[in-house]
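Structure, as structure tokens:
The values are calculated or read from the model by the stated rules, or taken from the named source; none is laboratory data. Quick caveat: nothing in here was measured; it's all calculated off a predicted structure. Positions of Cβ are backbone-derived with ideal geometry, glycine not excepted, and every protein chain shown enters the neighbour counts. Side chains are part of the model used for accessible areas, which takes the heavy atoms of the whole protein and leaves out ligands, DNA and RNA. Shrake-Rupley method; radii C 1.70, N 1.55, O 1.52, S 1.80 Å.
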Amino acid sequence: MYRLQSLAARSLIAGALDHCTPLTLTSLTGVRHKSQGPSVEKCGQMRFLTAEAKASAGRLDGKMREKTLTMDTLNPQVKAVEYAVRGPIVLKAGEIERYLEEGGTKPFSEVIKANIGDAHAMGQQPITFLRQVVALCTFPELMDSPSFPEDAKWRARRILQGCGGHSLGSYSASPGVECIRKDIAAYIEQRDEGVPSDWENIYLTTGASDGIMTILRLLVSGKDSSRTGVMIPIPQYPLYSAAISEMDAVQVNYYLDEDNCWALDINELHRAYQAAKQHCQPRVICIINPGNPTGQVQSKKCIEEVLHFAYEENLFVMSDEVYQDNVYAPDCQFHSFKKVLYEMGPEYFSSVELVSFHSTSKGYTGECGFRGGYMEVINMDPEVKAQLVKLLSVRLCPPLAGQAAMDVIVNPPQPEEHTFKQFHQEKSSVLGALAEKAKLTEQILNAVPGIKCNPVQGAMYAFPRIFIPPKAVEEAKALGMQPDMLYCLRLLEETGICVVPGSGFGQKDRTYHFRMTILPSIEKLNVLLGKVRDFHISFLKEYSGLE
């Protein structure tokens, strides 16, 4: 009876009884006489049937309601956004995977996705200690389990004490949990050999991408010739070009020197800046070090030149350093932009505006799914900093599990702790395997006629240059696509190897590349590289008539 009373009341409020016989007080109690018309349930059905009938009549009259959001009314900046890493090639790879799963046949048995730096998807195992701490934070009842080491429990308790209600399910302050911000500052000071770091300049983010987008939102303004110009390296990670398009800023390309292992050329920076000043106001320069997609590690001298250039031209510096643990070449070393700026003296360190970014997604942990990250802000105007906090407050806070994962990365087991030995072995194993795969990739690709691959000094990718015969270039143009897109599509369809065309990252005219990750296991990487080699030789024979 009470269910019927509730249904009747809801239907009456919603106007569902418009087309029914009026209800009496008796019928609202659930006692319906034969003369009282349809039941409440029937009235509800009639309501929806009537709506259906109206919609049908609208279609018959040719007056169907137009959609509010169409491609004509869509924000044009959204239409301009492109993101090659998850673009057409990856969609095609998904189609082929489903076809194989449904029993279809191809010249290969599986699709190997080498398009994205997703370590765990490629089979990398989690770092045990990180997962232990996050598990304890997520389910504190595990604190009583002898299976978890005391140093992991100690860290988890400390993180939880900084959370509202001692729970990872609470919101944190918008900049992040205070004790985690302090741990990050301590990590930066240790990394940079004593260069001071203020925890109040640290902001936790939802991956590095969130921080990059937030800072760009602060920087982008103006119209016409006063629009903000954002200097980005070419080749670049497509997050930058996508963000610039979405915000209607001006993309200012500066080209890395492929012949010099993708080094930054200060003369190229000046050329790009002066050319851009003719139609916009360059205000920010972005650097990715170690490089994505190019895998280079910039020298200290190169970083000094970039910072001097930024100082002279009054540019805001955004330093993407998410691959700082991924350095493989024995003659290379990671230098943070902040440390180099400090060593250039007080005149530079007290004036150049710099934001650097780090993430849980790369390094030796590869914890992409936690979406953890941070940014350190240097020399930002105090009033602008208040606006930054306001902007961060709009999205409440980054995921607490990601913040906890970030804390473990900056506060790992120390030599005197029980878990250090296992942690060190796992970390060394991951980085050692990546170094081996970086060398293997370079060696095999450089042995293929028509492919040239710079040393993979760091990060997780190779960006080899490929020769595409003129006949293939003409065919691609006839099909309305870039030549390296044709190449990568053919590679996928014939071998099951999914890589991303270089045109999705930017490249000099009449040069062609593809980006591939070095994350697959050694065994699978050997298979991948062998298939690329055989395909490329076959491709050259087909379009050049070469033997």
Original post:
Looking at (1) out of contact with any Leu (no Cβ under 9 Å at 6 or more places or on another chain); (2) open to solvent by 70 Å² or more (accessible area, probe 1.4 Å), which is the one condition that is false for PHE467?
Top reply: (1)
Subject >> Where a residue in region 244-258 is in the same structural domain as ILE303 (by the TED database) and its partner, wherever it lies, is part of a strand (DSSP E or B) and among the β-branched types (Val, Ile, Thr), with Cβ under 6 Å and at least six apart >> reply: ILE244/VAL230; ALA249/THR228; ALA249/VAL230; ASN253/ILE234; TYR255/ILE234
Subject >> Those residues of region 195-229 which are touching a Leu at 6+ places or on another chain (Cβ under 7 Å), buried (at least 21 other Cβ atoms within 10 Å of the Cβ) and among the hydrophobic types (A, V, I, L, M, F, W, C), in sequence order >> reply: ILE212
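Among the residues of region 515-547, what is the count of those that are assigned to a loop (DSSP other than H, G, I, E, B) and free of Cβ contacts under 8 Å to residues at least 60 places away in the same chain?
3
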Subject >> Hey, HIS279 assigned to a loop (DSSP other than H, G, I, E, B) and at pLDDT 95 or above or not >> reply: no
Subject >> Complete set of residues in region 470-502 that are aliphatic (A, V, I, L, M), part of a loop (DSSP other than H, G, I, E, B) and under 29 Å from the mean Cα position of the chain (by Cα) >> reply: MET481, VAL499
Subject >> Where a residue in region 340-355 is within 19 Å of ASP320 (Cα to Cα) and its partner, wherever it lies, is open to solvent by 80 Å² or more (accessible area, probe 1.4 Å), with Cβ under 8 Å and at least six apart >> reply: PHE349/TYR342
Original post:
Quick one: would you say LYS153 is within 24 Å of the chain's Cα centre (by Cα) and modelled with pLDDT of 85 or more?
Top reply: no
Original post:
Name the residues in region 260-280 that are under 28 Å from the mean Cα position of the chain (by Cα) and open to solvent by 80 Å² or more (accessible area, probe 1.4 Å), would you?
Top reply: ASN260
Original post:
Out of all the residues in region 306-319, which are open to solvent by 10 Å² or more (accessible area, probe 1.4 Å) and closer than 13 Å to ILE212 by Cβ?
Top reply: PHE316
